[in-house]
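What follows is a set of notes on a single structure, which appears directly below.
The values are calculated or read from the model by the stated rules, or taken from the named source; none is laboratory data. The shown structure was predicted, so the numbers you read here are calculated from the model rather than taken from an experiment. Cβ coordinates were reconstructed from backbone atoms using ideal geometry, including for glycine residues, and neighbour counts include every protein chain displayed.
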Amino acid sequence: MTDIPQSDGNKLLEFPCSFPIKAMGNAGADFRETVIEIVARHAGLINDDAIRSMPSRNGKFISITVTIDATSQDQLDAIYQDLSAHHNVIVSL
């Protein structure tokens with residue numbers, strides 16, 4: 001188990017842990033699949049019940065949340081780096 005300490009010495013995250021990753025982008029036919037493929041590259045097979053999607057009020061944008069069993073901060077950093085680098089991803093949280 002790996003712990004990520006805060007500056008005050010308290011643990012911020014304790015690995016492994018369940019961790020939701022959210023990405024938002026234009027609602028297009030392949031955005032959901034793009035996000036899942038990027039996350040799966042780092043976290044392995046993603047079950048359908050670990051994926052949630054929510055369209056914006058006007059339907060122009062969509063948010064995809066994928067909950068993974070995170071194993072390290074390095075894994076999370078790599079996922080966010082790849083999501084942020086993709087041209088279809090507007091923001092990732």
Residue count, region 47-73, condition part of a strand (DSSP E or B) and either within 13 Å of the chain's Cα centre (by Cα) or among the hydroxyl-bearing types (Ser, Thr, Tyr) (or both), comes to 11
Pick from region 5-15 the residues that are part of a strand (DSSP E or B) and out of contact with any helix residue (DSSP H, G or I) (no Cβ under 8 Å at 6 or more places or on another chain): which of them is modelled with the highest pLDDT?
Glu14
Counting only residues that are buried (at least 16 other Cβ atoms within 10 Å of the Cβ), assigned to a strand (DSSP E or B), within 11 Å of the chain's Cα centre (by Cα) and not charged (D, E, K, R), region 16-46 contains a total of 4
Of all residues in region 47-69, which are surrounded by 10 or more Cβ atoms within 10 Å (Cβ to Cβ) and without any contact (Cβ under 8 Å) to a residue 24 or more places away in the chain?
Ala50, Ile51, Arg52, Ser53, Met54
